[in-house]
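Written out below as C-alpha cells is the structure these notes cover.
The values are calculated or read from the model by the stated rules, or taken from the named source; none is laboratory data. Just so you know, these numbers come straight off a predicted model, no measurement behind them. Cβ: placed from backbone, ideal geometry, glycine included. Neighbour counts: every protein chain shown.
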Amino acid sequence: MTTPARPAPTIIDVARAAGVSKSLVSLAIRGDAGVSDATRTRILEVADELGYHSNALARGLARGRTQMVGLLVSDLANPYFADVVHGIEEDADATGLGTIIGHGRGSAEVLARRLDEILDLGVDGVIVISAMLDGGTLDRAAARRPVVMVGRPFAPPRRVSVVRNHDEHGAEAAVSHLISLGHRRIAHLASSRRAAATARRDSFERTMRAAGLAPHVIDAGDDGVARLLDRVGAPDGPTACFAGNDRIATAVLSDALDRGLGVPTDLSVVGYDNAEAGRLVRPALTTVEQPREAMGREAMRLLRARIDGDREVAEITLEPRLVVRGSTGPAA
C-alpha cells in the first residue's frame, strides 16, 4: 500500500511550531530587521527541522518579479564568457537572484532568437555578453525588459547600458612592452572585424607609428598563424607578435614548437584576455588581462539598478592590465 506523500510544510507550520506569528517568520527568513538574533536562530532551526524552504519565486511574483535574470553568451567554448558569467552569478547569488543562460553558438541570428526566448520567460532583465547583436535589436529588447550589454558595440544602443574593456589601452600596453624589449619588427594577428578587435588593431598601428615603426597586420583567419611563422627568421621577418586574443596566441606557441622555433628566443608572443590556457602552456603566455569577472559584477549592478527603476543609460569602461610571463624576451 502506497503511503500518501506528506504536504510540504508552510510558513504557517513554522510559525505554529516556533510559537511566533507568520509575519515574524517571514521577517526572520528574509533576513529583515525587527527580529532578535535569538528569535531568528530559533525560527531558522525550526524551519530546518520541518524541512521548510522559502519560495523566492513566489515572493518575487507577488511583487511582479520572477527573481530571475537572463544571460546571453556568444560562445560557451570561449573562457572569456565563462569568466564574465562567473562575475555575474557572484553578484546574483549575493542578492537572491537566479540566472538562465542562453547560448548563441557564435551566430547573430541564433543570439537574437535566444534573446526573444529568454524575454518570453518573463525574466526581470537580461545581460547580453556579446557584441554580435546590433543596437536596434538590443533597443527593442530593452523596450520589454531592462537590458545591459557586456562588450563593445560598433554603434552604442540608446536604451542599453554597456560595460566594456578599454581595448585601446590594453593593445598599447602590449605593444609598448615589446618595444621596450628592443623589438622593432612586430606583427599583429587580428582576431576579427568586430569593434573590440578593430580597436585593438587600430591601437597597435598607432602605437607602432608613434614609435617610428612600421605596423604589420595579418588576419588570423585560416592560415594567418602559418603565414606569420613562415616569416620568422627572415632578414625582415617579425621578432615579436601581438595576437588579438589568447586562443590565437596559444596557437602561435603550439605551431612554433612544431616548427622548432623558440619562444621567446626566435619570437616573442603577447596575447589578450589572460585565459587559463595561457597560464598552463610553456612558456607561459604574456598577455593583457581583461577584468572579466569585474565586468560581470558591474553589469549585474547596472541591471539591478535598471530593474529597480533607474532609467539612466550608462557606459562603463574598465581598465585592463599587462601580465608579463615567459613568452616575451629581449629582441635577438
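In the range 223-236, what count of residues is obtained for those that are closer than 27 Å to Glu168 by Cβ and not β-branched (Val, Ile, Thr)?
Qualifying residue count, the range 223-236: 4.
For the range 237-245, the condition of being in contact with a strand residue (DSSP E or B) (Cβ under 9 Å, 6 or more places away or on another chain) and surrounded by fewer than 16 Cβ atoms within 10 Å (Cβ to Cβ) holds for none of the residues. Among the residues of the range 175-206, the ones that are out of contact with any helix residue (DSSP H, G or I) (no Cβ under 8 Å at 6 or more places or on another chain), part of a helix (DSSP H, G or I) and buried (at least 22 other Cβ atoms within 10 Å of the Cβ) come to 1 in all. Apart from one condition, Arg140 fits all of (1) surrounded by fewer than 19 Cβ atoms within 10 Å (Cβ to Cβ); (2) out of contact with any Pro (no Cβ under 6 Å at 6 or more places or on another chain); (3) more than 30 Å from Val128 (Cα to Cα); the exception is (3).
Cβ-Cβ contacts under 7 Å between residues 6 or more apart (or on different chains), taken from a first residue in the range 1-22 that is assigned to a helix (DSSP H, G or I) to a second residue that is small (Gly, Ala, Ser) and at pLDDT below 85, are listed as Ile11/Ser26; Val14/Ala47. Whether a residue is under 25 Å from Tyr80 (Cα atoms) and hydrophobic (A, V, I, L, M, F, W, C) was assessed, and Ile179 does not pass this test. Go through (1) at pLDDT 95 or above; (2) surrounded by 24 or more Cβ atoms within 10 Å (Cβ to Cβ); (3) not assigned by TED's automatic domain parsing to the domain that holds Val147 and name the single condition Ala299 misses. The failed condition is (3). In the range 211-232, the residue that is surrounded by the most Cβ atoms within 10 Å (Cβ to Cβ) out of those that are part of a helix (DSSP H, G or I) and over 32 Å from the mean Cα position of the chain (by Cα) is Arg231.
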